[in-house]
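We did not get these values from a lab; they are worked out from the coordinates using the rules stated. Computed from a prediction, not measured in an experiment: that's the story for all the values here. When we count neighbours, we look across all protein chains shown, and the Cβ atoms used for this are built from the backbone with ideal geometry, even at glycine.
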Ligand code: IVH
């Protein structure tokens, strides 16, 4: 059966539209239509091609990912060698380069040479060969003369057109550029790989190069790769402009993606201004760069200048200071942050990296430390990117000395000796010392006195830091022992302000249970949660003795918050501080616990809620049950009467089924309440 002309035309029109929108989206970064509409066009074409396989052409936008993996990479001889670039590491080296260019061109000092300035992208160089506008071959740079055939993988990169736009391109056109993995894609990819226990990439350059060297294009297709073209190799059967910058603009018109940061600049000063400007914005670019490249813009001049040992005389890479260096780990210590987070830190043999001398580097958290398996004595790669804190990127395993040991998370806080705990699924370990721990003191105190907590006017951040530094304030209880005499001795504190401060400290003693609970600074216990807990229990003693399950019966309190509250009151140090506060006169009115609907239809019944309910949020469902006299707890046990299960219910549903707990959906819950 032959396909009707109408269907053939429709398929061709869809392809043209899709190519046009690819261009708008990728090359111009300026899409005209919403993603959903693009997807619709793509689906329509896929359906047409599935119904009429004879319509499929290799350059159709549907044909990016090949079905079968290749068994080995073919080799590609580059007709024109793929060159490398000379480097300049300082202004002087750049000036010397410029001087050499002027000399060779027999131009005088005053000549304002035009350069094309571009970021030096940190990825993998590729060569893309287009014949009659169709991508026929893609290759790696290899050694510059021979590369590997990676056509099957490059076809999966959506930023690279399978067919050029327009018609005036050379019959044979070789586009050269850099394939890279944008920072966001790199981070997301690594997060996913880490969660799945798979290998992660050390940096975006390795990620790009590694992704291009997959035998199975389906794997490459999953990698978030992108490309910017930076030059042309072969160009036969057609015409190209006579300036580098114009060639790049021309490539963009043919649908090839080029770097939006490219500029035409004048003389060395123009180059230096560009370098400084990009350097400042480097961290904010969505991709990694390791410097900038200046190219003499005129192709005639380029030809006159020629090459020296595989690098052009008309271009140079002006590098940023290295962001990675090798050094040795002298110790691994644990620091306690202001929120109690216990963070491993590597003490390093000092090394100059990213423009500064680094002797400490963060290891982020214990999981990261174990994943990288950093040990005392190891040689490591230290990275300092921009203003970011230096980190240990990886360990050079080959250089590990004998007899090293894995570093373990300390069981107790190195600052205050309280237990260090890590909740399930949390990567951060924390000191439970809370108010007692010196490391957490200043921050905890600032919170304690803040307006919505105990509201002590006049006790500002500076003053607290000063009092913590001198050891005068260790816990919030100490605030209530401050005297007018000692306060007036402090910097910038007169007699009058000391009197005022003492007065506001006195006034703060009379508070409410909700404010007091909030002031304690228990993690995840914000104002609303504190108010909910206070209303539910009425008395502090009830909160202190509440079980985990019980706490989860409070509106807004889930398993995480319940565990935090429980851990806080299990720490004797915290109870001691509270006792002292009460001793010094901090007080509030206590009430009876909130009376739950004693006669409601659900009285005496215990519920667990799981999954996504069609109309109720989990808190709504909880309120509904509690108002009808029921109890809501967090986990299914033999004491659970009902499991209210919505969509995506998981382990709780399985457990409930095993324990033969009655299972209700939202409607059944409503009927039960109405009965
Ligand atoms: S031009 C003849 N421009 O740097 C000049 N290269 O050290 C050839 N690179 O293999 C390259 N960004 O992978 C040029 N804007 C840019 C570049 C760039 C990154 C890479 C490229 C090349 C290496 C040369």
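To the nearest 10 degrees, how steeply does helix 35-51 sit against the main Cα axis of the chain, on a 0 to 90 scale?
Around 60 degrees separate the two axes.
How large, in Å, is the stretch 156-240 by the Kirkwood hydrodynamic radius built from its alpha-carbon pairs?
14.6
What does the C-alpha gyration tensor say about the overall shape of the chain? Classify as rounded when a/c is under 1.5, otherwise prolate if a/b is larger than b/c, or oblate.
oblate
Write down the Kirkwood hydrodynamic radius of the stretch 1-42, to one decimal in angstroms, obtained as one divided by the mean of 1/r over all alpha carbon pairs.
Computed over the stretch 1-42, the radius equals 11.2 Å.
Going by Cα centres, the stretch 511-560 and the stretch 354-427 are how many Å apart?
36
Under 15 Å from a point placed 7 Å out from the Cα of residue 309 along the Cα-to-Cβ direction: which residues of the stretch 67-103 have their backbone N that close?
84-88
Would you give the gap between the C-alpha center of the stretch 78-129 and the C-alpha center of the stretch 302-325, rounded to a whole Å?
Computed from Cα coordinates, the inter-centre distance equals 5 Å.
Could you tell me which of rounded, prolate or oblate describes the stretch 623-675, using a ≥ b ≥ c as the square roots of the eigenvalues of the alpha-carbon gyration tensor, with rounded for a/c under 1.5 and, failing that, prolate when a/b is larger than b/c and oblate otherwise?
prolate
At a Förster radius of 41 Å, what calculated FRET efficiency corresponds to the Cβ-Cβ distance of residue 338 and residue 65, to the nearest 0.05?
After rounding, the FRET efficiency stands at 0.25.
log10 I(q)/I(0), Debye, Cα-only the stretch 29-132, no solvent, q = 0.19, 0.23 Å⁻¹?
Relative scattering, expressed as log10 I(q)/I(0), comes to -1.19, -1.33.
Run the numbers on the stretch 242-302 and let me know its relative contact order in percent, using alpha-carbon pairs under 8 Å that are six or more apart.
Once divided by the residue count of the stretch 242-302, the mean separation gives 49 percent.
Would you report the distance distribution of C-alpha pairs in the stretch 224-332 as whole percents per 10 angstrom bin, up to the bin with the largest distance?
Cα pair-distance distribution for the stretch 224-332, in percent: 11, 36, 34, 12, 5, 2, 0.
To the nearest Å, what is the center-to-center distance of the stretch 148-184 and the stretch 428-455, using C-alpha atoms only?
If we compute the Cα centre of each part, the gap is 55 Å.
To test your reading of the geometry: what angle, between 0 and 90 degrees and rounded to tens, separates the Cα axis of helix 527-537 from the longest principal axis of the chain?
With rounding to tens, the tilt is 30 degrees.
What Rg and what Dmax come out for the stretch 356-410 when only alpha-carbon atoms are used, in angstroms?
11.6, 36
Based on the alpha carbon coordinates of the stretch 534-668, what radius of gyration and maximum Cα-Cα distance (Dmax) apply, in Å?
Considering the stretch 534-668 through its Cα atoms, Rg and Dmax are 17.0, 53 Å.
From the Cα gyration tensor of the stretch 548-593, with a ≥ b ≥ c the square roots of its eigenvalues, which class applies: rounded if a/c is under 1.5, or else prolate if a/b is larger than b/c, or else oblate?
Oblate.
Taking 2.2 N^0.38 Å as the expected size of a compact globular protein, what ratio does the Cα radius of gyration of the stretch 479-592 give against it, to two decimals?
Here the Cα radius of gyration is 1.25 times the empirical estimate.
If a paramagnetic tag sat 7 Å from the Cα of residue 349 along the Cα-Cβ line, which residues of the stretch 359-376 would have the backbone N under 19 Å from that point?
Within reach of a label on residue 349: 359-362, 374-376.
What are the principal axis extents of the Cα atoms in the stretch 270-321, in Å, biggest first?
Computed over the Cα atoms, the extents are 37, 22, 18 Å.
Would you please put 300-311, 127-138 in order of how densely packed they are, using the mean number of other Cβ atoms within 10 angstrom per residue and starting with the highest?
Peptide ranking by packing, descending: 127-138, 300-311.
If you line up the long axis of helix 495-508 against the longest principal axis of the chain, both from Cα atoms, how many degrees apart are they, to the nearest 10?
Helix 495-508 and the main axis of the chain meet at about 70 degrees.
Using a simple spin-label model with points 7 Å from Cα along the Cα→Cβ vector, what separation in nm is obtained for residue 281 and residue 575?
Inter-label distance under the simple model: 6.0 nm.
Any idea how far apart residue 541 and residue 184 come out in nm if each label point goes 7 Å out from Cα toward Cβ?
Rounded to a tenth, the inter-label distance reads 5.6 nm.
Which stretch or stretches of the stretch 532-561 have amide N atoms under 13 Å from the point lying 7 Å from residue 512's Cα along the Cα→Cβ direction?
532-536, 538
Could you give the C-alpha radius of gyration of the stretch 556-624 expressed as a fraction of 2.2 N^0.38 Å, taking N as the number of residues it contains?
1.60
Taking each pair of different alpha-carbon atoms in the stretch 582-657 once, compute 1/r for the pair, average those values, and report the inverse of that mean as the Kirkwood hydrodynamic radius in Å to one decimal.
One decimal place: 14.1 Å for the Kirkwood radius.
Before anything else, pin down the relative contact order of the chain: Cα pairs under 8 Å, at least 6 apart, normalised by residue count, whole percent.
Taking the mean separation of contacting Cα pairs over the length of the chain, I get 8 percent.
Per DSSP helix of 4 or more residues, -39500 (n - 2.57); summed, then divided by the residues of the chain. What does that give at 222 nm, rounded to the nearest 500?
-10500 deg cm²/dmol
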